[in-house]
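The values are calculated or read from the model by the stated rules, or taken from the named source; none is laboratory data. Just so it is clear, the structure is predicted and the values come from calculations on it, not from any experiment. Because the Cβ atoms are built from the backbone with ideal geometry, glycine has one as well, and the counts that use them run over all protein chains shown.
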Amino acid sequence: MDGPGRDPTTFPPYYHEAYRSTVRRAPRQPLISVPHTLSEITGPGPALSAMGAQDSDLTTNMGTGGEAIGERIIVTGRVLDDHAMPESGALIEIWQANAAGRYRHRVDDHRAPLDPHFLGYGRCTTNNDGVYRFITIRPGAYPWQNHPNAWRPAHIHFSVFGPSWVSRLITQMYFPGDPLLPLDPIFNSVPTDAARARLIATYAHDVTQEGYALGFRFDVILRGPNATPFEPFATTHHARR
Amino acid sequence: MTSRDLTPSQTAGPFFHSGLLRDPLNTLTTGQTQGERIRLEGYVYDGDRTGVSDALVEIWQANAAGRYRHPADLRPVPLDPAFVGFGRAGTDEHGFYAFETIKPGPVPFDTHTTQAPHIGVCVSARGLLDHLRTRVYFDDERANSDDPVLGLVPEPRRPTLLARRRTVEGQTVYRFDIILQGDQETVFFEL
């Protein structure tokens, strides 16, 4: 019942020198592999998605009555488990810079304007087919201090709660054809071309709405607990009756 | 589909607060919650023993009776209608975090073995390309010596997983520092 752990062809190493903030924050001791017990195969996802209010239109959810400035986009996709089965009720929270590349955050000192009508945060839960959908604006690139003339490619941060503690994921979605991608140490911390490609949304003309917004598709594949993990607990329960 | 198709992780970066901490979630209890009230608090430190001021600490735990609020926990142990078991806190400028919660009950390891009371912890931050997982155990629990997961940890490193109990103005406080790197580096788990 040992977990599959972090596949080194998919997940970035904690220590990635080109991304300077990892140097004093990455653990140096090896991770210790633990089996999936009830503490790992449960998780807050189901309870959180039952409580979570839908707040999926970032172009208006600042609540000012005005609309965010920028190129309006629809970001949609499916959340699946590692057997390609849809995860219904997954909670997705996103956050992003505005169209000028500025976050509504006290430590963001980039000299770009805040948008009075853009909060930069949204949340929703997946439906029975595992589908989520956000309306937002395309975020801008922005400079950061990692190295000379460093610019983050446009991205949207994703936080996902699937059904278990094992399936928790925080990641970033990028846009196709962005010339900054080959230069970005965070994107390139992902070790293989194939895995990096899974972080890039695809332009989806079938999602694009005429006269309204461009469509992008981004699927998220979560780790699941190992095979039939809670069977022993259910069996115990019945055997005691 | 294989594990090779999973979506890779990326750092939460420094700007997650307005999104992930808009609604405070560091008090897990209400007046009706059953169990021993505790405060779980500590600092997140980097390899220079500087407080990490932009970390996100998330916890997941069973209720006082040892039941998880989750469809996979099918045991005949009561749920507490006034307790979910999830908490989320950001660190302050000194790297400090705190939760108001209850001490969880023991939960099974397998059909024959019980785990000592513990709280699952997930740490995200700028500079962490994936979250880190650890567990809080309680230093005054005798069951720690038989815990099968603590047993997987080399003995000299086990103290990094023990929250230290003290009483402050009548309240039980457990202190649990998370040291990302260096001497006394916290044990992190691969699930």
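Some points to look at:
- The range A:20-49, subset more than 7 Å from every other protein chain (Cβ to nearest Cβ) and in contact with a Ser or Thr (Cβ under 9 Å, 6 or more places away or on another chain), residue farthest from B:Leu129 (Cα to Cα): A:Ser49
- Residue match in the range B:139-148 (condition: facing another protein chain (nearest Cβ under 10 Å), under 17 Å from the mean Cα position of the chain (by Cα) and modelled with pLDDT of 95 or more): no
- The range A:24-44: number of residues that are without any contact (Cβ under 8 Å) to a residue 12 or more places away in the chain and under 23 Å from the mean Cα position of the chain (by Cα): 1
- Checking the stated criteria, B:Gly90 turns out to be more than 11 Å from chain A (Cβ to nearest Cβ), touching a Leu at 6+ places or on another chain (Cβ under 6 Å) and not aromatic (Phe, Trp, Tyr).
- Residues (touching a residue at least 60 places away in the same chain (Cβ under 8 Å) and either under 14 Å from B:Leu132 (Cβ atoms) or surrounded by fewer than 16 Cβ atoms within 10 Å (Cβ to Cβ) (or both)) located in the range A:3-19: A:Pro8, A:Thr9, A:Phe11, A:Pro12, A:Pro13, A:Ala18
- If you filter the range B:1-48 down to residues that are more than 10 Å from chain A (Cβ to nearest Cβ) and basic (Lys, Arg), you find that the one that is surrounded by the most Cβ atoms within 10 Å (Cβ to Cβ) is B:Arg39.
- Flag if A:Val34 is over 16 Å from A:Tyr132 (Cα atoms) and of a type outside the set (Phe, Trp, Tyr): yes
- Residue match in the range A:127-137 (condition: out of contact with any Cys (no Cβ under 9 Å at 6 or more places or on another chain) and facing chain B (nearest Cβ under 10 Å)): no
- Test result for B:Pro76, over 22 Å from B:Glu185 (Cβ atoms), facing chain A (nearest Cβ under 7 Å), out of contact with any Ser or Thr (no Cβ under 7 Å at 6 or more places or on another chain) and surrounded by fewer than 19 Cβ atoms within 10 Å (Cβ to Cβ): yes
- Residues in the range B:27-52 that are under 18 Å from B:Tyr97 (Cβ atoms) and touching a residue at least 60 places away in the same chain (Cβ under 8 Å): 15 in all.
- Restricting the search to strands (runs of 3 or more DSSP E) fully inside the range A:153-221 and requiring at least 2 residues that are surrounded by 20 or more Cβ atoms within 10 Å (Cβ to Cβ) and facing chain B (nearest Cβ under 9 Å) gives A:155-161, A:169-174.
- Restricting the first member to the range B:103-119 and to residues that are over 18 Å from B:Gln34 (Cβ atoms), and the second to residues that are basic (Lys, Arg), the beta-carbon pairs closer than 9 Å and six or more apart or on different chains are B:Pro108/B:Arg75; B:Ala116/B:Arg142; B:His118/B:Arg135.
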